[in-house]
1. Between the label point of residue A:428 and that of the same position in each other copy, find the distances and list them shortest first in nm, with every label point placed 7 Å from Cα along the Cα-to-C-beta direction.
2. Given a Förster radius of 41 Å and the C-beta distance between residue A:622 and residue A:18 as r, what FRET efficiency does 1/(1 + (r/R0)^6) yield to the nearest 0.05?
3. Which Cα, out of B:594, B:202, B:487, lies furthest along the positive dipole direction of chain B (beta carbon charges, K/R +1, D/E -1)?
4. Whose amide H sits under 5 Å from the amide H of residue A:133, counting only residues 5 or more places off or on another chain, with H placed in the peptide plane?
5. Taking a label point 7 Å from Cα toward Cβ, how far is residue B:481 from its twins in the other copies, in nm, shortest first?
6. Could you check what % of the DSSP bridge pairs in the protein assembly as shown are antiparallel, to the nearest 5?
7. Remind me, relative contact order of segment A:269-419 in percent, using alpha carbon pairs under 8 angstrom and six or more residues apart?
8. Work out the mean other chain Cβ neighbour count within 10 Å for the residues of A:330-343 and drop it here as an integer.
Protein chains: 2
Amino acid sequence: MGQTLTEKILDDHLVEGELETGEEIGIEIDQVLTQDTTGTLVWLQFEALGLDEVQTELAAQYCDHQTYQFDFKNTDDHRFLRSAAGTFGAYFSRPGNGICHNVHKENFAAPGKTLLGSDSHTPTPGGLGQLAIGSGGLDVAVAMGGGPYYIEMPEVVNVRLEGELPAWATAKDVILEMLRRLSVKGGVGKIFEYTGPGVESLSVPERTTITNMGTELGATSSVFPTDEQTEDYLARQGREDEFVDIGPDEDADYDDQIVIDLSDLEPLIAEPSMPDKVVPVREVAGQDVDQVMIGSCTNGGYEDILPSAKMLEGRSIEPDTEMIVAPGSKKASEMLAREGWTAEMMAAGVNYSEATCGACIGIGHVPSSDSVSLRTFNRNFEGRSGIEDDNVYLCSPEVATAAAIKGEIVDPRDLADELGDLEDPGFELPDAYEGAENDIITPDDPVDDELVKGPNIGDVPLKDELDAHLEGPTLLKMPDNITTDHIIPATQDILMYRSNIPKLSEFTLSRVDEDFAQRALDSDGGFLVAGENYGQGSSREHAALCPMYLGVEGVLAQSFARIHKANLFNFGLIPLEIDAEDYEQIEEGDNIEIVDDVAEAVRSGQEEFTVRVNDDWELTAELDASERERQILADGGKLSHTKKQAEDGSGAPADD
Amino acid sequence: MGQTLTEKILDDHLVEGELETGEEIGIEIDQVLTQDTTGTLVWLQFEALGLDEVQTELAAQYCDHQTYQFDFKNTDDHRFLRSAAGTFGAYFSRPGNGICHNVHKENFAAPGKTLLGSDSHTPTPGGLGQLAIGSGGLDVAVAMGGGPYYIEMPEVVNVRLEGELPAWATAKDVILEMLRRLSVKGGVGKIFEYTGPGVESLSVPERTTITNMGTELGATSSVFPTDEQTEDYLARQGREDEFVDIGPDEDADYDDQIVIDLSDLEPLIAEPSMPDKVVPVREVAGQDVDQVMIGSCTNGGYEDILPSAKMLEGRSIEPDTEMIVAPGSKKASEMLAREGWTAEMMAAGVNYSEATCGACIGIGHVPSSDSVSLRTFNRNFEGRSGIEDDNVYLCSPEVATAAAIKGEIVDPRDLADELGDLEDPGFELPDAYEGAENDIITPDDPVDDELVKGPNIGDVPLKDELDAHLEGPTLLKMPDNITTDHIIPATQDILMYRSNIPKLSEFTLSRVDEDFAQRALDSDGGFLVAGENYGQGSSREHAALCPMYLGVEGVLAQSFARIHKANLFNFGLIPLEIDAEDYEQIEEGDNIEIVDDVAEAVRSGQEEFTVRVNDDWELTAELDASERERQILADGGKLSHTKKQAEDGSGAPADD
């Protein structure tokens, strides 16, 4: 039986497990990327590992989300990230150099390699045959420390492309069609592998628009085979030597297949406020538009902005419509400026921005009240633009530009008919991608050799191995359904301390008990007791990290939310299940002692633990954990576990 | 006796008073400008006047401070401002089109005219022989309503320029030299009139750098005569027909004279954190620099950025120094892009921003902690950059660019020696200023014909004429030295409601008594009682406007701060002085009744008023007011007064 491209790359990188759908596998990571909102914690965690340098082939740190630097904390973050990249051996992309996915695609994305990134659109370079996956920051830190990345083997679904795109239909319409058919849940647990005769008609930047927005399907990743288009693209980027001819076997066995005939596609648009509310543009034509934005990691490339510039040449945008262009990379921006397109767009009335994620994540150019915004971005979740009750449509640059010219939503084919002299600008690659040569600082020539931490950047604590003896007071007793928002509130006034764990920890469980954090710190150890479904809500790692910082040793709950339980393992807190009767009996302040040799019991697979309360009565608590989770917990959490593995195993240099 | 240029322009526009230093004069305003942080209230006040359209020759509304639109309130403000401009007949400069002073200079500034603007750097077009003055928003609203602008006739000080600037010295160094000599208080109550043989060596953009930053001297305005340079500049802007030959008489009599020999100047720099802490650049050479910024209304023109671009051509900025360029206008930006300079700067490592005031007012690109920022801006007051304890230096674009190349402060003459191939780029005007043709919406072709108010934009109340009978409770009794910060706190969480008086009023005097606002609203009239120095602090008009909105009729205080007292007149609240003994006797809640026919007494010049307290005892209170202040107060405040004048006098159309 032949292999899919996904299986080939995974096989090449397999460290643990077997490539059976649903089974946990561990894979080696070749490249990692981080950005500025997730990167600070990644590097603090990496620092806590105690390694001298990153262990992956390549690590790249981008500054793209907070490039406007509204607050000194943003600028301090950027300075810290530069210092971390310099200290630990990563590439550093300066603020203003563009969006991680765009800059990574231009400079580093390589066929056949694995990429792990602390950003959900990490799968973008799948368009070049790279297997790229988004993850939490801790996973990236661990990968940089040389640890494998663990994941359940996804289903591999074949998307067979036939035909060629007709005039005015674009790659964006391919992925919008996927969303129309499959919905935003349609890709969960799946990797989409694009094949078929239609593939060769799509250039790499078109492919990356598709793989980028596979994230909105909920997919683990999306990937294209490599071919002449890939080789050509890499050559234009001056990286032809990185080309690898890679694709699925002819008899590859897929879990499912979808067929899209490109020639059937027409300009599509996602209505507010979900990326899968996709309809033909003609169905919503006539809708007034207040704001048009072109950019983002989906459609912010040179090749995406160029068609818009060509459409605007010699024209002007409607005066009651604002149009903002934010290039995805400075390289794209510099090339467009050099060729005169930037001036052309400005002349038409465009507000031309620095290269940034910006508005895509609600940072800048927030729509006005009760207005309509058309964007070439990937998400239009309600409120994401920065205002509640927003009306954000998602579409191609061509559809967005047509709307800016007309002041309302219009199918560009109809606008072309109306104007008479408007032609489909087509999709064109530059002869050579050149520019922004001074905006990536290489690990060979760093400007910093030690970490620079502003006052809002603290250290991340590392936990010791689990003790044989665990004992301490019940620091807090909580009811059912405590959420991660209860544990660490997600309001901006608190989350601004995300890089400062000592400060952030002061807010731990403050919504339940204002005095908790101080009490926990004073107590030097102890337990949390909770009812059913403890830790429901977001995947926020801080909800485990902050209690760990405060000295909490474990949580006794009637049941745990799945992701939070994984986070408790990752940060070395033992999650024990207790029954309702015992839960009722425990009082806040009660002394808890785990009678067994905890470290030994956890490592050996013991499931039942005897807990003595107030040296007075006993209960039985259960530890439900995989072998891997047990080793992580016993080692003091995932960071400590990775550190230990690096010291024991690969001989990776540690500096302590 | 001959006239100064200032006297000539004032004489031409004189409506009231005589041109004697220190005397109050009223002048006619030809042009007004407003920007987005002050403009909303200006237009709400204009709306309250009830006029159909602006009465000045020209009004221009710019969107320059909050162009990043971090919050829907910013974007709503811009939308409201566009609608106000359309409704009332003003030019509207779209967000992203640049800084008010730059765009006004390019498009509208005209020799011999008067300009009033709700921004402190309004004097910029003095470089073209326009008499331009910054003021509060109410003054601008009144001027737009056809009312004169009142001001004490300033001293006119002659600045005689001799010689020519040597290599690497610039217009910025001229104004830095003025600040070095005179300090930030040196221009208070003065207009600086530049003359002498050195004038002709300075082009208009150089002159406007000087007049712009006269504001930092505390000057009322600064002005240059017109000459061939002015004519040439206007011609390059396509406005040669607006040239007027205007200058002082040869025997003009000045209040004072200063002589600057341009040939003695060298590159200067203002150290943190005051614009007058000026030293030669060489004295601080070697200081590491983290951030360099070029832009602002002082040095953000095409002609300011061009030298920087030339210096950067083929070079790169130091990797540990960030350099951001924010053009002052989109026209400048478009021209630089068209000529290839933008790409050149990007290639050197510059983060190229949209046209905005931005960082100059702490909006974006806030320096990192404990860092040094070199800026071509006009102010470096501590904390203005957005971070406390900042270290901001002010200098010319040439000095800033040299620092970015070297990574530390360096006299560009020394850098030129060091590099060997770096030449003074000189100062060059483009053949023609062309671009951004679609970014000013004219009053002849507006896109809105009615006001569009987002949820954070309220109406401004207009007060009725003063009643004959004033009576009400003592709503609050306050001690000495109540500041405008007590009356309306200036914190961001409160001032964000600056365009929403009903909402903002809820915070009135909340720092003194949380229940005050509700009590005042419920009472439907009443008085404030205070000790000495009531209303000290800022010139914030809201400190009078909000009590007025809540129905407060007047303030009885032992004494008033000067500016706040003027604001009380302007918003129709009677400020009465009482003595210490009477102050002691009045209790909160006491009924206050002014026994006289208040309206008649105010108009007729009566100084002593009998106040009956609780129908039990009487005191005598004093009204110290000029004839003009009395009429304003009696009419219900400056807005009502202006409205009445428009209705009675000029026959300006009113729509109610």
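Any read-out appearing in this document is the output of simple, stated calculations on the displayed coordinates, not a laboratory observation. These numbers come from a predicted model, not from an experiment. For neighbour counting, all protein chains shown are included, and Cβ atoms are generated from backbone atoms with ideal geometry for every residue, glycine included.
1. 2.9
2. 0.90
3. So the residue furthest toward the plus end is B:202.
4. So residue A:133 has HN proximity to A:115, A:116, A:117.
5. Ordered by distance, the counterparts are at 5.4 nm.
6. Values: 60 of 176 bridges.
Given both bridge residues lie in the protein assembly as shown, the antiparallel proportion sits at roughly 35 percent.
7. Taking the mean separation of contacting Cα pairs over the length of segment A:269-419, I get 35 percent.
8. Values: counts 6, 2, 0, 4, 8, 2, 3, 12, 7, 2, 5, 1, 9, 10.
Per residue, the average neighbour count from other chains is 5.
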